[in-house]
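Here's the structure we're looking at; comments come further down.
The values are calculated or read from the model by the stated rules, or taken from the named source; none is laboratory data. Since we're looking at a predicted model, the values are computed, not measured. Positions of Cβ are backbone-derived with ideal geometry, glycine not excepted, and every protein chain shown enters the neighbour counts.
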Amino acid sequence: MERGIYPFAQIVTVRPTAGAVVASVKCYSNHTQGIIMESKASAHWQGGLKDGKGKLSTESGALKETPYEFSMRFEDAEGTNPEELIAAAHAGCFSMALSNILGQNDMTAEAIDTTATVTLEKTDAGPTITKVHLDLSAKIPGATEEAFNKCANEAKAGCPVSRLLNAEISMDAKLVN
């Protein structure tokens with residue numbers, strides 16, 4: 001019997017509109033019979049790469065005109081950047097997927113703590129996210145090392161963000177004067 005994993009993600013439209021970039025992710029749940037979740041976030045950027053400034057917002061309001069700029073991404077300035085947000089999304093998604101898989105195997109974690117480290121490197125194609133490392137610590141009463149590792153590896157391979165990082169991306173682009 002093939003089990004469904006935590007809801008899976010299908011991408012995404014990335015659409016520049018009026019100085020902002022809007023991205024949508026659709027998640028389909030094997031457990032909710034086709035219910036679709038769409039999450040939206042936007043970015044507004046003004047100026048050149050090194051002297052410009054941007055703002056990030058999410059539809060939920062978790063981010064509201066959160067500033068970001070070159071120095072926050074490539075230097076040591078305080079603030080967020082796209083790679084940090086990907087790391088947060090991956091850590092959160094993985095932890096939820098692991099909790100789901102544990103439940104499918106009659107286990108419940110008292111605690112799951114995950115840190116995701118996203119690596120951005122220069123490649124021939126330009127700056128590229130080359131890897132993500134997940135550091136996991138979990139307290140699961142009654143779990144064996146073997147059962148825990150099996151569930152953790154299944155979550156690592158199957159969480160929506162893990163799969164998203166290797167997904168097809170489509171784009172609608174419109175130049176606005």
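Side notes on the structure shown:
Okay, residues lined up against (1) more than 24 Å from residue 156 (Cα to Cα); (2) touching a Ser or Thr at 6+ places or on another chain (Cβ under 6 Å):
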residue: 73; (1), (2): yes, no
residue: 85; (1), (2): no, no
residue: 91; (1), (2): no, yes
residue: 119; (1), (2): no, yes
residue: 141; (1), (2): no, no
residue: 145; (1), (2): no, no
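- Those residues of the range 43-70 which are surrounded by fewer than 14 Cβ atoms within 10 Å (Cβ to Cβ) and outside any strand (DSSP E or B), in sequence order: 47, 48, 49, 50, 51, 52, 59, 60, 61, 62, 64, 65
- Within the option set 101, 140, being surrounded by 11 or more Cβ atoms within 10 Å (Cβ to Cβ), farther than 22 Å from residue 38 by Cα, of a type in the set (A, V, I, L, M, F, W, C) and at pLDDT 95 or above holds for one residue only, 101.
- Qualifying position, being exposed (fewer than 13 other Cβ atoms within 10 Å of the Cβ) and either assigned to a helix (DSSP H, G or I) or more than 14 Å from the chain's Cα centre (by Cα) (or both), among 122, 131, 156: 122
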